[in-house]
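The values are calculated or read from the model by the stated rules, or taken from the named source; none is laboratory data. Keep in mind the model is a prediction, meaning the values are calculated, not measured. Reconstructed Cβ throughout: ideal geometry from the backbone, glycine too, with neighbour counts over all protein chains shown.
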Amino acid sequence: MSATVVLGVTGGIAAYKIPALVRLLVADGLDVSVVMTRAGTQFVTPLTLATLSCNPVHVDMWSERPGPQVEHISLADRADLAVIAPATANIIGKLAAGLADDLLTTVCLALKCPVVICPSMNVNMYRNRVVQRNIKTLKEMGCHVMEPESGWLACGWTGEGRMPEPEVIAAEIMRHLSAPDLEGERILVTAGPTEEPLDAVRFLTNRSSGKMGVAVAARAARRGAQVTLIAGPMSVEPPAGVRNIPVRTALEMYQRVMEVFDDSDVVIKTAAVSDFRPANPATGKIKKEEAPGKISLVRNPDILHILGTKKRAQQILVGFAAETENPLENGRKKLIAKNLDMLVLNDVTQPGAGFRQDTNVVHFLLRSGEEESLDLMTKDRVADLILDRVKEIRLRRGRKQDSAPSEADHQVRP
Ligand code: PMT
């Protein structure tokens, strides 16, 4: 994506988070032009933000060189989105009043694009009636004002007024810039490994990091879907903008998935669920001398298979598989046996594919018979392509309507 974001930085302590935000936006392929107020430069230097954004930072109205373009107008014209972060009570008041007494406020008055405002201030300033009235005015004018977080504030008070973390702001920015082509879809994603306790401190698990599932959840949220992520213990953070339900064992994952399934339009099961669990986990730590010679295992529920038997006609079910032998043949069998609409087959024999990697090599097997082999690519890109296929399946099926499981949906082989 090569959209242009004008990032307005004003004089609040939360400006220390802005270098991290700029890095995230640049990593996402955005062209970031920073405009700072004089007060903003007291908290973070223009040089830092120029270096990270790879663009000049604009501060002074009067340093514009005469030329064919008027800088503050061309900045406003180029912007696909403007973000004010941190937004002090002062800038919020000026924007609500339509003042233009420095470069940032002048650029803002000339904007034609959506504007996201991230308030950041002391809790009592934030609650002040004038500030609340100004925020209301900005919302009525069509600005998107992010809710500040609540917690310890740099001024020593505790309450609302903290600027959201860079990851949360970046997710909001990407959501605004992405086509909301999955709006209206409620997507349930499972991710990560499960842990199956052996005793109080030991467990059986696998090498899944959760990266694939997090990529699917993040891209779906960015594209406007309402996303629930049910994840085992991952080595990556859940993305911003999704409802996150952490679980530990396969049985917990099963219970939570069943609670959410009825209210889901699409289920994408990237989780590497443990097929077995120790039959009799010890409540304490097993001592060395008491180590059992054998560990008895019992089967966990096959969550995906059960979902396949319960699926309603309009629900879309996507499974994953990490096969090492006869992948295509085994994948085709799984697609039918689990009553899936699509199976994503990881080619874990390929370098850069499967567990823990930032990249993957996958084949798509669709219930319609179509098959597609993809080259090595990032998990983010794989996620977008899966969601593109989900969208196609939805379009082919027509509008969403809730209905009971169909005859065809019941034809599941164990
Ligand atoms: O997390 P990462 O490090 O990014 O790695 C990603 C991944 C390799 C884990 C992921 O891309 C992947 O392939 N996940 C499925 C792993 C697997 O081997 O699944 P399976 O063949 O055991 O199961 C097939 C499908 O059934 C999966 O969708 C799985 O979620 C589901 N399943 C399996 C067992 C079980 N008891 N319940 C299930 O629902």
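For the reader, a short list of remarks on this structure follows.
- The set of residues in the stretch 108-125 being within 17 Å of Ile169 (Cβ to Cβ), free of Cβ contacts under 8 Å to residues at least 60 places away in the same chain and of a type outside the set (A, V, I, L, M, F, W, C) consists of Pro119 alone.
- Residue match in the stretch 358-380 (condition: under 20 Å from the mean Cα position of the chain (by Cα), assigned to a helix (DSSP H, G or I) and either on the phi > 0 side of the Ramachandran plot or not small (Gly, Ala, Ser) (or both)): yes
- Test: residue in the stretch 186-199 that is over 30 Å from Val9 (Cβ atoms), among the acidic types (Asp, Glu) and more than 16 Å from the ligand (Cβ to nearest atom): yes
- Note on the stretch 225-248: residues that are buried (at least 22 other Cβ atoms within 10 Å of the Cβ) and within 19 Å of Asp302 (Cα to Cα) amount to 4.
- Every pair of residues 6+ apart whose Cβ atoms lie under 6 Å, when the first sits in the stretch 177-204 and is within 30 Å of Val32 (Cβ to Cβ) while the second is polar (S, T, N, Q) and within 16 Å of the ligand (Cβ to nearest atom): Ala191/Thr270
- Leu21 vs. criteria over 23 Å from the mean Cα position of the chain (by Cα) and either without any contact (Cβ under 8 Å) to a residue 24 or more places away in the chain or farther than 16 Å from Leu103 by Cα (or both): no
- Checking the stretch 79-89 against the condition returns no match, with no residue being at pLDDT 95 or above, among the polar types (S, T, N, Q), under 20 Å from Ser178 (Cβ atoms) and outside any helix (DSSP H, G or I).
- Leu104 being crowded, with 17+ Cβ neighbours inside 10 Å and either within 26 Å of the chain's Cα centre (by Cα) or modelled with pLDDT under 95 (or both): no
- Criterion applied to Pro327, Pro292 was being modelled with pLDDT under 95 and within 14 Å of the ligand (Cβ to nearest atom), and the one residue passing it is Pro327.
- In the stretch 140-168, the residues that are of a type outside the set (Val, Ile, Thr), surrounded by 13 or more Cβ atoms within 10 Å (Cβ to Cβ) and closer than 25 Å to Lys112 by Cβ: Cys143, His144, Met146
- When the stretch 131-156 is filtered for residues that are of a type in the set (A, V, I, L, M, F, W, C) and in a strand (DSSP E or B), the ones remaining, listed by number, are Val145, Trp152.
Each row is one residue, and each column tells you yes or no for (1) part of a helix (DSSP H, G or I); (2) closer than 13 Å to Thr190 by Cβ; (3) within 13 Å of the ligand (Cβ to nearest atom).
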site: Gly224; (1), (2), (3): no, no, no
site: Met234; (1), (2), (3): no, yes, yes
site: Gly241; (1), (2), (3): no, no, no
site: Glu252; (1), (2), (3): yes, yes, yes
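- Residue check for Thr105: part of a helix (DSSP H, G or I), touching a Leu at 6+ places or on another chain (Cβ under 9 Å) and without any contact (Cβ under 8 Å) to a residue 40 or more places away in the chain: yes
- Just so you know, in the stretch 190-213 the residues that are part of a strand (DSSP E or B) and in contact with a Gly (Cβ under 6 Å, 6 or more places away or on another chain) include one that is surrounded by the fewest Cβ atoms within 10 Å (Cβ to Cβ), and it is Pro193.
- Candidates Leu304, Leu317: the one that is of a type outside the set (Phe, Trp, Tyr), surrounded by 15 or more Cβ atoms within 10 Å (Cβ to Cβ), assigned to a strand (DSSP E or B) and within 10 Å of the ligand (Cβ to nearest atom) is Leu317.
- Of the residues making up the stretch 350-368, those that are charged (D, E, K, R) and either within 11 Å of the ligand (Cβ to nearest atom) or touching a residue at least 40 places away in the same chain (Cβ under 8 Å) (or both) number 2.
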